Amino acid sequence: ASDVYKRQALTQFLYRALHELGVSVALADEFASRDIRTHGAPDRVLAPFEQLRYALHQRRLEEQAAAQGRVVISESPSLVSYVYASLETRTLQSPRVSLFMQDLLAFWPEAKQRYQHIYLLQAEAAFEIDGVRFHDAMEAAAMEQLLKATLAEYDIPYTLLTGTVLQRAARVVEDIIVAGEAPTWVYEKFLSTFTDPLTGQPLQVQPVLFT
C-alpha cells in the first residue's frame, strides 16, 4: 500500500480503536486527498492559492472535530500546505504570490498551541503513484526535507513513527495516555483487543509502565 493509504489506515484505525475504548476522540481527515479525488490534482501554477484553500478547509475540519472530541486526530495538519506551496513557487516572483506565502507561513508560529503532538511517518515502501499524489519521488523527498527543516526552524518537536500500522498506533496511544487524555488501562486493552488493520497480526511488545 502507498504511504497515503497507510496514513489514512493509521488515522482511521486510531479513531475507531480509541472510540471503541471510550476515549473522547474525533477525526479530521485530509481535505486535500478528498478534494483531489473529486476535482483532480491542484493546478501547480496556482500552488499558493490552491494550498491556502487546502489549509483553510483543513483547519475548518480540525475545528469541527475539536467540538466533537477531546482528542483530535488531524490526518494532515494545515502546516503542510506551506511546504507544498514553497516547493511549487521557487520560480514564481510575483508580489501577490509572496502575500499568499506569508498567509500560509502565519500558521506556523501558533503550531505548538494548536497541535499537541506532530507525527511524521517513515516511508517503508517504494514510492508509487496512487491517484492522490501529484509529486514524483524526488519532489516528495524534497518536501520531507523542507518539512523537517521548517519544524526545526520553529522549534516544533515531532515523532517519527516506524513499523506496522499497529506499532505506530500503539505509540500514539502511549502519548495520549502520557498527556493525560486517556486512563492507563487503555493501552493494555488496546493491545489485547486490536490487530493490525493491514496484516491482521497482533502486536508483540513489552507492557508499558506508566508513572
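The values are calculated or read from the model by the stated rules, or taken from the named source; none is laboratory data. In this text, all values refer to a predicted model and were calculated from it rather than measured experimentally. Methodologically, a virtual Cβ is constructed for each residue, glycine included, from the backbone with ideal geometry; neighbour enumeration extends over all protein chains shown.
Scan the range 138-152 for residues that are within 16 Å of residue 85 (Cβ to Cβ) and among the charged types (D, E, K, R) and jot them down. Listed by number, the residues that qualify are 139, 144. Here the helices (runs of 4 or more DSSP H) wholly within the range 5-105 that include at least 3 residues being free of Cβ contacts under 8 Å to residues at least 24 places away in the same chain are 31-39, 47-66, 95-105.
Quick grid of which residues meet (1) assigned to a loop (DSSP other than H, G, I, E, B); (2) modelled with pLDDT of 90 or more; (3) within 15 Å of residue 74 (Cβ to Cβ):
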{"site": "124", "(1), (2), (3)": "yes, no, no"}
{"site": "128", "(1), (2), (3)": "yes, no, no"}
{"site": "145", "(1), (2), (3)": "no, yes, no"}
{"site": "170", "(1), (2), (3)": "no, yes, no"}
{"site": "183", "(1), (2), (3)": "yes, yes, no"}
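Scanning the range 54-88 for residues that are among the polar types (S, T, N, Q) and surrounded by 21 or more Cβ atoms within 10 Å (Cβ to Cβ) returns 58, 74, 76, 78, 81.
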